[in-house]
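Here, each number is a calculation from the coordinates, and none is a lab measurement. Predicted model only: the values in this text are computed from it and were never measured. All Cβ positions, glycine included, derive from the backbone under ideal geometry; neighbour counts span all protein chains shown.
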Amino acid sequence: MHVIGTGLIGTSIGLALTSVGVDVTLEDQSETSAALARDLGAGRTTGEVRPGLVVVAGPPDVSPRLVLGALERWPEAVVTDVTSVKQVVLLDLIRSGVPIDRYLGSHPMAGRERSGAISARADLFTGRAWVLCPHDGSDPSATALVARLAQATGAAVTTLSPQEHDEAVAAVSHVPQVAASLVAARLEHLSDHAIGLAGPGVRDVTRIAASDPGLWTQILSGNAPAVAA
């Protein structure tokens, strides 16, 4: 299996799969990030790369390009992306005109407020939902292969259409992220004395506000209609 993108999610996938004996190769535009993921035990960065499955674990704004590139580089491989929005990736691929029967969008519902390979964990997906998002042209064998990937990480597989997925995550993930950020912004200018009055409820509400703002800008932009609904 080949992972493109060695941030939190890509490296965690590599760690989970290497722990059960899967041969994982790693790739990232940052050689430093790929080397860190390798040193953590998420896979190898050298040797032959002939994957049966490619996982694109990049941010939403580059995922369509990375998926398209993977489909062209490995014409026999199944390709999945694990970004938080599914319709924008699928629509970009449809517009490109390439055959997409080997592509299946998916999304592990797991993460941390800290990003990067250094924050990766082999058990990040254990017991968490991993959503498969087949489209009208999906090859059933591609769906089955991505399902086995998710199960190998310890995740619980569920299936939604790309539209159903985006609507669901808007409600349970994206809107709560916006709410947490708004609450945190309201607290920014309070005095230390006022902040000292806060209880654990405030910490719970604002914990995820520490997540990468650049990544969340891309996610919210890509799923804006569902978030605004």
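The table that follows gives values for the structure above.
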item: Mean Cβ neighbour count within 10 Å, used as a protection proxy, ranking 96-103, 11-18 highest first; result: 11-18, 96-103
item: Folded to 0 to 90 degrees: helix 213-222 orientation relative to the chain principal axis, Cα; result: 70 degrees
item: Relative contact order [Cα under 8 Å, 6+ residues apart], segment 2-163, whole percent; result: 24 percent
item: Candidates per GluC sites (Glu not before Pro) in segment 130-201, loop by DSSP, up to 13 other Cβ within 10 Å; result: E188
item: Packing-based order for 106-113, 39-46, using average beta carbon neighbours within 10 Å, highest first; result: 106-113, 39-46
item: For peptides 203-209, 220-226, 54-60, 78-84, sequence by mean Cβ density within 10 Å, most packed first; result: 78-84, 54-60, 220-226, 203-209
item: Ratio Rg/Rh [Cα only; Rh per Kirkwood] for segment 70-189; result: 1.03
item: Debye, to nearest 20: dipole size of the chain, +1 on Lys, Arg Cβ, -1 on Asp, Glu Cβ; result: 340 debye
item: Hull volume in cubic angstrom per residue (convex hull over the Cα atoms of segment 170-228); result: 80 Å³
item: Rounded to 10°, Cα long-axis angle of helix 87-96 versus longest principal axis of the chain; result: 40 degrees
item: DSSP bridge orientation in the chain - percent antiparallel, rounded to nearest 5; result: 20 percent
item: Mean projection area, nm², convex hull over Cα of segment 20-106; result: 6.1 nm²
